Structures are given as structure tokens and as C-alpha cells.
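Below: the structure, in C-alpha cells.
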Amino acid sequence: MPLFTVQKHKATTLHYDFRLEIDGVLKSWAIPKGPSIDPAVKRLAVQVDDHDLDYATFEGVIEEGQYGAGPVIVWDTGIVNFKSQISDLRSDLKKGRLEFELDGKKLKGAFGLFRLKNQEKNWLLMKKKDAHAGKGGEIVAERPESALSDQTIEGIENLYREGKIKPYRCG
Ligand code: MN
């Protein structure tokens, strides 16, 4: 089963990196406001570079001077079930239409990710109506903690400032 991960990342600006395993890599979108479970809310998701699969569980601090410098936690992770056959996902990506169900610790049920017309990188993430949808509220504010540890972005930042964790060097 392919995996998904959502990393909360405090770089120059705070955002959530939404990543789906497709074709052996993590296809990635940066969502400034983070995902919502309210079907009335659509969230801008800007497609960014693919990441290696082993980055899915990374929590820590990206070293200063590196691209994306700052703390990262795994805000949610689990498995993703695509509506299309795996073999059709490449064409779905080209068409700018992905529909899937998430089974994470926080995000569950049906979601869609749709590229905006005549745009290259700008997509919208939206929750579909189902038993896991919720009205109002912000799940990112209500559940700020890591899905893998009890860490928060602020907790990681403090540990880093106190010299208790070493920075991570990408590539
Ligand atoms: Mn990021």
C-alpha cells in the first residue's frame, strides 16, 4: 500500500508538505494553511519537488543555509488508497486530478487534489463529504502534535536551541 505523509515545516514561512507515494517517490505539495476536514474549505496546494520515500518519516531541523532550513515534524502519516489504478496515476497527475482515501492518524476518508485551470503548480486540496468530514474548526490547530512522537514544532525548536538535537543536512 502506498503511503502518505504530511510534514509541518517552519521554514521562512510555516506550511504543511503534503506527500503521496506515486511511482516510487513522494509527489509533494506545499499547503500554506494546511489540510482541512471541512468539505466547504479548499486549500491551495503548490506542487513542489518530489522527495525520496525515506524522507517520509523525517522529523528534525534542516540546517541553516540549506533550502527549507527550519524545524519539521510528521504531522500525519498513514496509507493512501487511490481511486484510480496505480498504473493510471501518472496520467492523473498530468491531467491534474487525483482522488484518494487517506487512512492516517488525523486525516481519514476521501480527499481530492485538483490542479487549477491553466496553472502549472497550483492545486487545491479538498475533503469530500463522508463520515470523516467535519464542519468548521481547524484540525491543524486542534491537533498540532506529531503523529510519530509527542513533539511539536516549538518543542523541536527548543531542543535545537538547547543543542540537544543536531541539524540535518539534505543531500
Ligand atoms: Mn517544506
Residue in segment 128-138 that is under 29 Å from residue 23 (Cβ atoms) and either modelled with pLDDT under 95 or among the charged types (D, E, K, R) (or both) present = yes
Residue, farthest from the ligand (Cβ to nearest atom), within segment 2-18, restricted to residues that are over 9 Å from the mean Cα position of the chain (by Cα) and under 24 Å from residue 83 (Cβ atoms) = 2
Quick one: would you say residue 12 is β-branched (Val, Ile, Thr) and part of a strand (DSSP E or B)?
-> no
In this structure, does residue 109 turn out to be more than 14 Å from the chain's Cα centre (by Cα) and within 15 Å of the ligand (Cβ to nearest atom)?
-> no
Note down all Cβ pairs under 7 Å where the first residue falls in segment 1-21 and is farther than 16 Å from residue 105 by Cβ, the second is outside any strand (DSSP E or B) and within 9 Å of the ligand (Cβ to nearest atom), and they're at least six residues apart or on different chains.
-> 9/68; 11/68
Out of segment 45-56, which residues are more than 14 Å from the ligand (Cβ to nearest atom) and either among the aliphatic types (A, V, I, L, M) or under 17 Å from residue 139 (Cβ atoms) (or both)?
-> 53
Go over the candidates 88, 49, 130 one by one and state the one that is of a type outside the set (A, V, I, L, M), without any contact (Cβ under 8 Å) to a residue 40 or more places away in the chain and part of a helix (DSSP H, G or I).
-> 88
Scope segment 146-169; condition touching a residue at least 12 places away in the same chain (Cβ under 8 Å), part of a loop (DSSP other than H, G, I, E, B) and under 19 Å from residue 5 (Cα atoms); matching residues | 146, 147, 148, 149, 151, 152
Total residues in segment 13-40, condition under 18 Å from residue 53 (Cβ atoms) and not aromatic (Phe, Trp, Tyr) = 11
Can you tell me which residues in segment 4-15 are of a type in the set (A, V, I, L, M, F, W, C) and crowded, with 17+ Cβ neighbours inside 10 Å?
-> 4, 6
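Being more than 10 Å from the ligand (Cβ to nearest atom), among the basic types (Lys, Arg) and surrounded by 19 or more Cβ atoms within 10 Å (Cβ to Cβ) is true for just one of 42, 27. Which residue is that?
27
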Of the numbered conditions (1) within 14 Å of the chain's Cα centre (by Cα); (2) at pLDDT below 95, residue 166 satisfies every one except a single condition; which is it?
-> (1)
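The values are calculated or read from the model by the stated rules, or taken from the named source; none is laboratory data. Because the structure is predicted, anything quoted here is derived from the model rather than measured. Cβ sites come from the backbone with ideal geometry, for glycine too, and all protein chains shown count toward neighbours.
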